[in-house]
1. Taking K and R as +1 and D and E as -1, what net charge do the other residues with C-beta under 12 Å from the C-beta of GLN65 add up to?
2. Roughly speaking, what % of Cα-Cα pairs in the chain are separated by over 22 Å, rounded to a whole number?
3. GNM on the chain, C-alpha springs below 10 Å: top fluctuator among ASN175, ASN70, ASN105?
4. Simple spin-label model, 7 Å along Cα-to-Cβ: ASN175 to GLN74 in nm?
5. So which trypsin sites (Lys or Arg not before Pro) in segment 187-256 are both in a DSSP loop and have at most 12 other Cβ atoms within 10 Å of their Cβ?
6. Sum up the charges of everything whose Cβ sits under 12 Å from the Cβ of ASN162, counting Lys and Arg as +1 and Asp and Glu as -1, but leave ASN162 out.
7. How large is ³J(HN,Hα), in whole Hz, for each residue of segment 242-259 in order, when computed from phi with the Karplus curve 6.51 cos²θ - 1.76 cosθ + 1.60 and θ = phi - 60°, using x for Gly and Pro?
8. Short version: ³J(HN,Hα) in whole Hz for each residue of segment 115-122, in order, from phi by Karplus 6.51 cos²θ - 1.76 cosθ + 1.60 (θ = phi - 60°), x for Gly and Pro, what are they?
Amino acid sequence: MRKLQIIMTGVAIAAFISTPAFASDHGHNNKHDQHKSHWGYSGEAGPGHWGSLKKEYSACSAGTQQSPINIQTQRALASKVGEIKFSYQPTPVAVVNNGHTIQVNYAPGNTMTVSGKTYDLLQFHFHSPSEHMINDKHSNMEVHLVHKGADGKLAVVGVMMNTGSMLNALAPVWNRLPHELNKVTLNPGTINAADLLPNNTQNYYHYMGSLTTPPCTESVSWYVMKDAVEVAAKQSAKFSNLIEENARPVQGKNRRFILANE
Ligand SMILES: [Zn+2]
């Protein structure tokens with residue numbers, strides 16, 4: 001029985017690190033496609049041009065519910081969206097450098113539940129500086145925890161990361177940040193996404209937005225935590241040495257409601 005469990009665990013890990021959908025950022029899941037599209041964060045391939053790089057990216061310029069946004073907390077509507085229940089377990093550290101970010105793929109069976117709907121955690125990844133702004137200010141970094149519902153809709157939790165003390169939970173990822181592109185590598189140890197959340201997860205901002213990378217697909221439910229976590233300056237520097245600035249500029253709010261859960 002024990003031996004069988006070990007074999008099963010090995011198979012499960014092999015399956016999840018080789019699943020193409022997991023080897024991607026934000027559903028941008030085709031390596032070949034990525035090479036053709038050449039989107040980036042500066043120059044001709046920068047965010048202002050994403051919408052015209054490919055027909056499939058048209059939402060990046062034509063969309064009206066795009067992310068990230070500048071959250072003006074005074075203008076957010078106090079509201080009872082409800083408690084978010086996180087059910088995260090430690091996962092093997094399957095890391096990929098997709099050229100746009102460092103992403104950690106999550107094993108199946110980890111969820112968040114909000115407003116009666118449960119979403120599976122697929123992966124988390126980082127932006128430097130933060131993509132969302134809160135009251136006109138960027139944070140040093142932002143982590144995005146990307147979840148998918150049974151209906152295929154995405155829910156992303158954004159957590160601001162301000163410079164401060166070491167975020168020890170990052171060590172299993174940060175100790176071996178991959179240089180090679182699009183190859184999922186398994187680092188020693190485990191990581192728990194719960195350790196990337198602030199202590200208080202009940203105060204957050206909720207709005208309807210999009211992927212912040214091509215194809216900029218809309219109908220993404222965003223939950224941006226009010227409280228930040230801390231990351232050491234040398235930790236964020238290590239990320240920035242490997243990944244170019246990867247924050248899409250904030251997008252127009254276009255009469256969307258920003259709810260503040262209290
Ligand atoms: Zn992101």
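Since every read-out is calculated from the coordinates, none of them should be taken as a lab result. Nothing here was measured: the structure is a model prediction, and the numbers come from that model. Using ideal geometry, Cβ is built from the backbone for each residue, glycine included, and neighbour counts are taken over all protein chains shown.
1. Net of charged neighbours comes to +2.
2. 54 percent
3. Per the Cα network of the chain with a 10 Å cutoff, ASN175 tops the list.
4. 4.7 nm
5. ARG255
6. Result for the neighbourhood of ASN162: -2.
7. 3J(HN,Hα) across segment 242-259, in whole Hz: 9, 10, 5, 3, 10, 10, 5, x, 5, 10, x, 6, 6, 6, 6, 8, 10, 9.
8. 6, x, 10, 9, 10, 8, 6, 8
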